[in-house]
Amino acid sequence: MRLHSKIIALTTPVVILCMITVGVVSFTYLRKTIRDSAYGAAQNALEHTESKIVSLYETAETNMRIFASSSVLTNYLLTDNEQERFTLLQPTLIRLFSGYLKANPEYYEIRVIMPDGFEDTRVVLHDFPNITDEEKNSVYFKTMQNSHGEFFTTTYTNPDNDRAAFLIAKKFLLRDPNLDPITSTPSLRGYLAVTVDLQSLAQYLHPSHNQYGINFLITNRRGKVLFNSLPGKDLISIPNRLLEQVADHTHMEKPFITQYDQLSHHIFSKTIHGEFIILAMIPEKDLFASSHHLGLLIALITLLFSVAFSSLLIFLGRKFIVSPIMELRNAASEMGEGNPDIELLLSNDELGELGHSLIEMNRQLHESQAQIRHLAYHDSLTGLPNRIMLQEFLKRALAGAQRHKELLAVLFVDLDDFKRINDTLGHKTGDDLLKKLAARIETAVRHTPLISHSNLNRESDQVARIGGDEFIIVLPCIERHSDAAQVARRLLEALSQPFHLDEHQIHVTVSIGISIFPADTDLPDELIRLADIAMYHAKEKGKNNYRYYSSAMNTHAVKRQFMEMELRRALEHKEFVLKYQPQVDPCSGQVRGLEALIRWQHPKRGIILPDEFMALAEESELIIPIGEWVVNTVIAQHRVWLDRRTVFLPISINLSTIQLLDANFEKILRRIIAHFNIPASLLQIEITENALIKAGDNARRSLFSLRETGIRICLDDFGSGYSSLTNLTNFPIDKLIIDRGLITNVVSDTKDGELVSAIIKAAKTLGLTVTAKGVEHRDQLEFLKDRGCDLIQGFYFYRPLFASEVEELATG
Amino acid sequence: MFKAPRYSLFLSYHGFAIFLLVSCLYSALMPFYLNPAHASEKQLVLLNWSEYFDQEVLVDFEKEHGIKVTEAYYETDELRTEMLINSDGKGYDLILCNGVNVALYAQKKWLAPIPEKKIPNLQYVDQRWREGFPETKTYGVPFFWGTLGIAYRSDLITKPVTGWHDLFVPDDMLRGKIVMIKDSRDLIGMALKAKGYSANSTNPEELDQAKELLLYQKPFVRAYSYVSLSKQSSMVTGQTMMAMIYNGDALMLQEHEPAIKFVQPKEGGSLWCDYFLIASSSLHKEAAYTFLNYIHRPEIMARLAQYAYYASTNTKAAEYLPTDFLTNPTIYPPKEVLEKSEIFQQLPPRTVKKINSIFNLIIQ
């Protein structure tokens, strides 16, 4: 997962969580505030209405008392004669009432009602028809008639305009001062009734005041609805249950929550004067509807802020973390591509430190690379250029010399008897010597004044160390051949001085071979090779000198002589080693035997195979001691294995003609067998047919003799050259080894294949074991297996192994 | 007579105040005037319309009989009634009252019967008027009679005004230019006439129609009151272009502005007559008789009639009146007009109630 996505995945949930928390908290708080605000509005409205109603009562009562004390009304009520009353007195009364109505706009009707219910006088401010003058049958009048007390109040629906109204009436009990005696009780003369429109009472309950969807109701004490702030609903009276709840609910500060009209409502109530019930009903869903809006708003804000913050954090994350990291990554890529100088804007933080480290690392990398390059091209010990660099230099120098038609010389410098020195003084001293030697050579070359050359400073000469004690000097742009000799002489002279190493004084000599371009060749590798040959020649001629290459030099002979020396030295210094190639039963896959193969670990040339030196060994008779060494090694090895009880396989040794003819050979062989006390059956001898024939009769005798010891005899390279079947019978042969060459094409060449089949058949007939060497492919294997070959030897199964590897194979 | 300019209101109150003062003084000095026929006889208080009674006649009366007559004023019949109710008929000696209310006042025991023999000049009074209304024969001495019609500015109103219809359904130009008498009978009665009904109708539907008509007219009405009869009258200035007015008063206005014309509405108006009444509480009844006899001297009545531009109820007074006065159709309307006009009757109580209710609705 990308870092960028990780940052997003981290920041976004955190931010969202924070914002949601904030949102939830503020939502809850605001919701509560809204609820409280709604409650406040409801309670406020109720209180205002209550005070309005209360004050209405009070002022009405007060005003009526004032009326009671005015003579106009009392006179009026005391006048029984209607004619008189209406004609003389009523106009004044009407005027009085008009004034009163104008002063109290909540009252829209004022009436004088006679005790019998006749509506004597009726004054209204705005004309609306009077349904009837006779009120005696109205419910309210009857109630009023039966009521006690000076004042009577009721709520009713005014039949004249079908509107809810509130009636306040005062009974007028008067004594006619002109007619009645002082002591008589006042009698009811009439009622003064003021009608108040409930709408005016409900001004505080008007819906425009309230934003919470509060439904206000005014009902009378029996629950009959007088005013409903929601006009759409045709509500006559509130349910009894609600009425009971109102009666029960005494706590004025908090609403009671109940179901009304299938919805949950929060209800505040007030009962006034026992006559009115005012209800403020807040539908719960409306209460929380605005908070729903609020919730949505908060959710929206939360979302916006979350997005904003997340984006901000992501942006910051990118800016301060991801981008620097990307820059570092790009820088690293560039470093990877090898750019030594990386430009990075580094911030003053951990990433900046990382950047610093990267740059430092890059620098060090480049340093290392430079070092490695140096190492690649230079010799670590002496600091001189190595073979690779030399070769490149030589190529370029040659190209240059070719262009400018100049001469070029290659000097091959070889230390004489370095191995001896190394062995005597130890490797450390040897290394020190080489270092000093290299320095001296370099100095000598540089400071050889070449008279013919105008440029005294020969910067372009190259000295290289290409091997253990081998150095090459390239002299580009020399004017004549003799310049090379001059350098060589100078060198010899320089090296004639002894080296002081630790406590020793060492004299060292070198042999130098010189080849010239374009005289000897124009190829760089050739130049070196020819110089090398020249150097051998110099060695042969007594060392501590220099020789120019000439075509007369017999490379082969020189080389051979040299190699002979080397062989001798190899024997002395035990540079030979034996490897064992397993022979495998093709059917079972089991190893049935081993062939011992000699290898020469040349200190300079590495591993040298017997093909390269055995012929020479045979010619120089070094084969004898080498052969003895082989036998010794094999048998000793057997001893070791037997002691360890690890390997019990017969080992085959290759014998040459010379060894066969060597009189001592058998003796030595027996001696060694006896010495190590190994069963002779563990030893086998391989000998080529050619060798056998060359050896002649003597060989036969030797063989028989050897065979008697228990050693098996194998005929090698059968099928190549002179293959005589009679030899098989004449000689004491146990095994047959088919020539490699036949095996190579045994499948592809039908003739070879037929031959091999015949050989195997013949061998089998004669009771001989057949081994095939050089089996590398499966199809060869299958072929041979089919033909009944007994043993298979080759890379298909195993390559030649070290003794330790064989042991591992046998035990593992 | 409806003369109710603003200052007369002031005057009436002023007069009332004077009266109070006088009566206080009078009653304080009562012990000295035990003999009703004595110097206490020298004061009379007359409750009357303003600008109705020639003051010079009062001066002459005082010169001749040594009795001082002071006037107290009322603006409307209803106000007069109110004043009387408030004082329970006390405080006045003479009351000038329209014929309709006499019976009620008598019922209220406010009035003292007037002995015929005490006022010999009653012989000159037209019998018709003496019996014009219930109880007027017993309690009242007729004064003037007249009609109710329309005065208008003929120079400002181009369309001829012929009847109540022009007043109740006016031209748009008359918006806010009309003054109507603030009297329930006059307003509603004439509205009824305009609708073709009797001014004394008791039919509730007819009354409702009258109400509607009056409500319709309301936006055109500048005020429900009586136009001033002085030079500063709104009819003179032209602020009022049409008004409901009594015939004589229109002539008074004409004095100030000749363009003002009076028309007897073709639907017919109302016919009225007012009477002098003596308060039962009066302590100067003898002086009152003297006064009443005095004013009915034909030559005196002629003077009074000319002053007020009204037709007197005294037949002999015609001998002393100029021809142009006697032939003035405004003062003496032709027969056909009189036939169509109605005298207000006392209506049944329930009708009165309704009328009161309607009246209140119109005037507020």
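The values are calculated or read from the model by the stated rules, or taken from the named source; none is laboratory data. The model shown is predicted, which means the values in this text are computed figures rather than measured ones. So basically every Cβ, Gly included, is an ideal-geometry build from the backbone, and we count neighbours across all protein chains shown.
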*Can you name every residue in the range A:180-223 that is charged (D, E, K, R) and either modelled with pLDDT under 80 or surrounded by 16 or more Cβ atoms within 10 Å (Cβ to Cβ) (or both)?*
A:D180, A:R189, A:D197, A:R221
*For the range A:775-792, what are the residues that are of a type in the set (D, E) and out of contact with any strand residue (DSSP E or B) (no Cβ under 8 Å at 6 or more places or on another chain)?*
A:E776, A:D779, A:E782, A:D786
*Single residue of the range B:61-119 satisfying the filter (basic (K, R) and touching a residue at least 40 places away in the same chain (Cβ under 8 Å)) that is farthest from B:I278 (Cα to Cα)*: B:K118
*Residue tally, condition in contact (Cβ under 8 Å) with a residue 60 or more places away in the chain and under 27 Å from A:I421 (Cβ atoms), over the range A:516-529*: 1
*asked:* Quick check on my filter: what residues within the range B:184-197 are of a type outside the set (S, T, N, Q) and part of a helix (DSSP H, G or I)?
replied: B:R185, B:D186, B:L187, B:I188, B:G189, B:M190, B:A191, B:L192, B:K193, B:A194
*Which one of the conditions (1) in a loop (DSSP other than H, G, I, E, B); (2) under 22 Å from A:S269 (Cα atoms) does A:D180 fail to meet, given that it meets all the rest?*
(2)
_Tell me yes or no: at least one residue of the range B:142-152 is among the hydrophobic types (A, V, I, L, M, F, W, C), more than 14 Å from chain A (Cβ to nearest Cβ) and surrounded by fewer than 18 Cβ atoms within 10 Å (Cβ to Cβ)._
no
*Could you grab me the full set of residues in the range B:221-266 that are of a type in the set (F, W, Y) and either free of Cβ contacts under 8 Å to residues at least 12 places away in the same chain or surrounded by fewer than 21 Cβ atoms within 10 Å (Cβ to Cβ) (or both)?*
B:Y224
*asked:* For the range A:315-405, give me every one of the helices (runs of 4 or more DSSP H) that falls completely inside it and has 1 or more residues that are out of contact with any Phe, Trp or Tyr (no Cβ under 7 Å at 6 or more places or on another chain), in contact (Cβ under 8 Å) with a residue 24 or more places away in the chain and within 30 Å of A:D532 (Cβ to Cβ).
replied: A:387-403
*Consider A:R65 against the criteria (1) within 8 Å of another protein chain (Cβ to nearest Cβ); (2) farther than 19 Å from B:K109 by Cβ; (3) of a type in the set (D, E, K, R): it satisfies all of them except one. Which criterion is unmet?*
(1)
_Only one of A:Y140, A:Y156 is under 23 Å from A:Y108 (Cβ atoms), touching a helix residue (DSSP H, G or I) at 6+ places or on another chain (Cβ under 9 Å), among the hydroxyl-bearing types (S, T, Y) and free of Cβ contacts under 8 Å to residues at least 40 places away in the same chain. Can you tell me which?_
A:Y156
_Regarding the range A:90-111, can at least one residue be identified that is facing chain B (nearest Cβ under 9 Å), among the hydroxyl-bearing types (S, T, Y) and outside any helix (DSSP H, G or I)?_
no
*Condition test on B:A279, is it more than 14 Å from chain A (Cβ to nearest Cβ), under 20 Å from the mean Cα position of the chain (by Cα) and modelled with pLDDT of 90 or more?*
yes
*Does at least one position in the range B:169-178 carry a residue that is closer than 22 Å to B:E78 by Cα and either more than 14 Å from every other protein chain (Cβ to nearest Cβ) or crowded, with 24+ Cβ neighbours inside 10 Å (or both)?*
yes
*Among the residues of the range B:86-95, is any acidic (D, E) and facing chain A (nearest Cβ under 10 Å)?*
yes
*Right, B:V45: part of a helix (DSSP H, G or I), in contact with a Leu (Cβ under 8 Å, 6 or more places away or on another chain) and more than 14 Å from chain A (Cβ to nearest Cβ) or not?*
no
*Every residue from the range A:74-89 that is at the interface with chain B (Cβ under 7 Å from one of its Cβ atoms) and touching a Lys or Arg at 6+ places or on another chain (Cβ under 6 Å)*: A:F86
*Going by the conditions given, is A:V647 of a type in the set (V, I, T), at pLDDT 90 or above and under 60 Å from the mean Cα position of the chain (by Cα)?*
no
*Leading residue by the ranking (nearest to A:A202 (Cα to Cα)) among those in the range A:112-144 that are away from chain B (no Cβ under 13 Å) and acidic (D, E)*: A:E135
*Could you tell me whether any residue of the range A:203-211 is of a type in the set (S, T, N, Q), assigned to a strand (DSSP E or B) and more than 20 Å from A:E275 (Cα to Cα)?*
no
*Can you tell me which residue among B:E82, B:E51, B:E62 is surrounded by fewer than 19 Cβ atoms within 10 Å (Cβ to Cβ) and either within 13 Å of the chain's Cα centre (by Cα) or within 12 Å of chain A (Cβ to nearest Cβ) (or both)?*
B:E82
*Could you tell me whether the range B:336-357 includes any residue that is without any contact (Cβ under 8 Å) to a residue 24 or more places away in the chain and away from chain A (no Cβ under 14 Å)?*
yes
*Selection status of A:E47, within 12 Å of chain B (Cβ to nearest Cβ) and in contact with a helix residue (DSSP H, G or I) (Cβ under 9 Å, 6 or more places away or on another chain)*: no
